[in-house]
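The values are calculated or read from the model by the stated rules, or taken from the named source; none is laboratory data. Given the structure is predicted, the values throughout are model-derived calculations rather than measurements. Every residue, glycine among them, receives a Cβ derived from its backbone with ideal geometry; neighbour counts consider all protein chains shown.
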């Protein structure tokens, strides 16, 4: 009855009773894919550098898991970062970090793949490799060790972790990942040497083999990345799915036992966003916006709900309500699932009445809170960052929300945006107060019972990221941000308003890793060696270790997050994300003039470089544009 | 309308909590497309109830569930259908359709006897027969119970232990009272045995197995699936 367990697991199985949330480590969930270890030629383990609850909530990992397991002659298993108590236990028992399915140590696999989701998870990748008994440096791995690859949303600057990863896959997995793995499998089976394989890999589209390139510096200044020989390509193209309707999409997702962060069925209704917010890396690197058809979405929803048994369905994308057929989708889904007690949720809301209306229509249960992200405090600053919403839009939206019965509004802002002044900070405070007033007014005049109005203001430090128009901009200093937080704290002291902020010191580290060149790898290694991992968790981050390491390796912070000139080489210049550098720089210049760039789906082409010319097959069909106008 | 079913939660799923088991059943029932009834209100959930929670770490062989129905379904088909939609380690053993459940007591109110298997270790394994005979010969077995925000309380569990048996070389079983009218935990049996013989080692929750739950009808103890239980309302 009990599934076959590898020896490593039977040795520690009984000790799990003393471990927090042992469900994280046992696998055996509904829809898990379990294949015979000894009868499968090629073994892959995909890892998410955070704990189970976080990693199992990530859609990309699920797609890859099911996609690779479609092939009979290979198996793909999962591994997540162990929490500290489990890490301790593994060390005590000298058991390597193991996969959830066959319970095999990472070192036993042919290939390990890591998902890159946020910069502060990099020390966790090192820790997982080390716990899995795999050498952390690529250069120290031998023929017996697995290959280590990585990809994901922060792969657009792979340099800070270049020495730890054998190869990166740049872009969307559905397009070419399977071919890459098949080739690798073939070469490994032929018994080629690691070096030979890496060189062969580097010839495949979308594959970046960092050891075949050398970073060059002029003292503290990064001056370029050079291939070690002329046969190595100088540019690596992002892989992207052309037609989302035909892209691989599983519906038989694993159903965890424990309550994970996003514990519901998820349908990706569209991919990419073309609103062009200038601070948003995803909005630049996932272009163009591609939609799934209504029919396809319904088909996927039906199948996913049937195979998982979830009673909640989330429609995911960078901006769900931007789907040109969103109203039709929601109408059809609510009608369809009305009698089967399935609720539908919209994870991201635009700041407008339409979005609030949509949220109201799908939510039978009035949830307590709604979240909006105006990002900046004044219309002027929002124009600079191309977040095309007006103060009035927010007020109209919250008015609608309060009248529909929501009583708590969350507002997200960024601090340290380029060109931010005191007026913009006052703008944040004023908006929060106005929202509170609007709510209190509605509460006073309504007949129905309404809970006390609450406004939650959250601020984070703006990080100028690669492949955004702000990639050349200096990141605000720690003291500037702290002053701004103090200023806001003073102006937001009001009953009914709750003010909270993310630790600006951590954001600074995130900026250093996001924009860093290869020198940052020494820092990451050092910080990990000091014992750091799970740094997405407040209790496990020690900023002083990072600053100490920067000192130790004599890296000037300003050489990474300081201002860059437009002609200066950037550490990620060898990657081709789609949007071209000229467009990004034009956008930067337009931001200085507070000029906006509209979404090209309803307006002129902004010539970002993603499509070769306007109206190519990657752009939405013109009929959809007309639909939206009507 | 109700389905009452007996199920086992196997050793491989012993780390799953009671609430997670409930949730796994709910999802399984939806996957199987079985006609479960939902609660009214803002957040409709399947009307499902389980027997007394099994602690994390303990497997069980005779657990029960009640599911309210919107349409009649035959017990055998319920069992077959649901079993093909449950993860390995959770299994329906028997099911009975109850057309009218008005006045029927809930499982947790009904079930008042539990049989535990203990994997005997050390001195307990060596002297199992003598030790359980000694234990059953006592008039009083005092255990100390910790209570939240209150002082510890002494508690006589002897009247709540009904039977003890040696099952195998390393295995003994106890039939005890469970539920609100008096509850004996297997670790308390170990404590009692330790008071007789201090060399009996501590046992972990992984050494315990809840093999059956019963209803005490006065003259006999029976399964809650039996006519006699269903007739008494």
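Quick notes on this one:
- In the set (1) in contact with a helix residue (DSSP H, G or I) (Cβ under 6 Å, 6 or more places away or on another chain); (2) surrounded by fewer than 20 Cβ atoms within 10 Å (Cβ to Cβ); (3) farther than 19 Å from residue A:475 by Cβ, the condition left unmet by residue A:554 is number (1).
- Members of the stretch B:82-98 found to be free of Cβ contacts under 8 Å to residues at least 40 places away in the same chain and part of a strand (DSSP E or B), listed by number: none
- Within the stretch B:191-211, the set of residues being within 12 Å of another protein chain (Cβ to nearest Cβ) and over 19 Å from residue B:157 (Cβ atoms) comprises B:204, B:206.
- Only one of A:289, A:316 that is away from every other protein chain (no Cβ under 12 Å) and under 12 Å from residue A:265 (Cβ atoms): A:316
- Checked against (1) loosely packed, with under 15 Cβ neighbours inside 10 Å; (2) more than 23 Å from the chain's Cα centre (by Cα); (3) at pLDDT below 95, residue A:600 passes all but condition (1).
- Residue A:360 fulfils the conditions (1) touching a residue at least 40 places away in the same chain (Cβ under 8 Å); (2) farther than 20 Å from residue A:244 by Cα; (3) touching a helix residue (DSSP H, G or I) at 6+ places or on another chain (Cβ under 7 Å) except for a single criterion, (3).
- All of B:211, B:151 fail the test of being surrounded by fewer than 13 Cβ atoms within 10 Å (Cβ to Cβ) and outside any helix (DSSP H, G or I), apart from B:151.
- All conditions but one from (1) within 14 Å of chain A (Cβ to nearest Cβ); (2) touching a residue at least 60 places away in the same chain (Cβ under 8 Å); (3) crowded, with 16+ Cβ neighbours inside 10 Å; (4) farther than 23 Å from residue B:208 by Cα apply to residue B:66; the one that does not is (1).
- Scanning the stretch B:15-54 for residues that are in a loop (DSSP other than H, G, I, E, B) and more than 10 Å from chain A (Cβ to nearest Cβ) yields a count of 9.
- Breaking point among (1) in contact (Cβ under 8 Å) with a residue 60 or more places away in the chain; (2) touching a helix residue (DSSP H, G or I) at 6+ places or on another chain (Cβ under 8 Å); (3) more than 14 Å from chain A (Cβ to nearest Cβ), for residue B:181: (2)
- Residues that are surrounded by fewer than 20 Cβ atoms within 10 Å (Cβ to Cβ) and under 15 Å from residue B:73 (Cβ atoms) do occur in the stretch B:11-33.
- Any hit, the stretch A:41-53, residues being within 14 Å of chain B (Cβ to nearest Cβ) and either closer than 30 Å to residue A:315 by Cβ or touching a residue at least 60 places away in the same chain (Cβ under 8 Å) (or both): yes
- Selection of the stretch A:467-482 for residues being more than 29 Å from residue A:158 (Cα to Cα) and either over 29 Å from the mean Cα position of the chain (by Cα) or buried (at least 18 other Cβ atoms within 10 Å of the Cβ) (or both) yields an empty set.
- No other residue among A:276, A:206, A:191 is more than 22 Å from the chain's Cα centre (by Cα) and at positive phi apart from A:191.
- Filter pass, residue B:60 being under 15 Å from residue B:213 (Cα atoms), touching a residue at least 60 places away in the same chain (Cβ under 8 Å), more than 12 Å from chain A (Cβ to nearest Cβ) and out of contact with any helix residue (DSSP H, G or I) (no Cβ under 6 Å at 6 or more places or on another chain): yes
- Among (1) surrounded by fewer than 18 Cβ atoms within 10 Å (Cβ to Cβ); (2) at positive phi; (3) not assigned by TED's automatic domain parsing to the domain that holds residue B:184, the one test that residue B:122 misses: (3)
- Residue match in the stretch B:69-81 (condition: under 18 Å from the mean Cα position of the chain (by Cα) and part of a strand (DSSP E or B)): no
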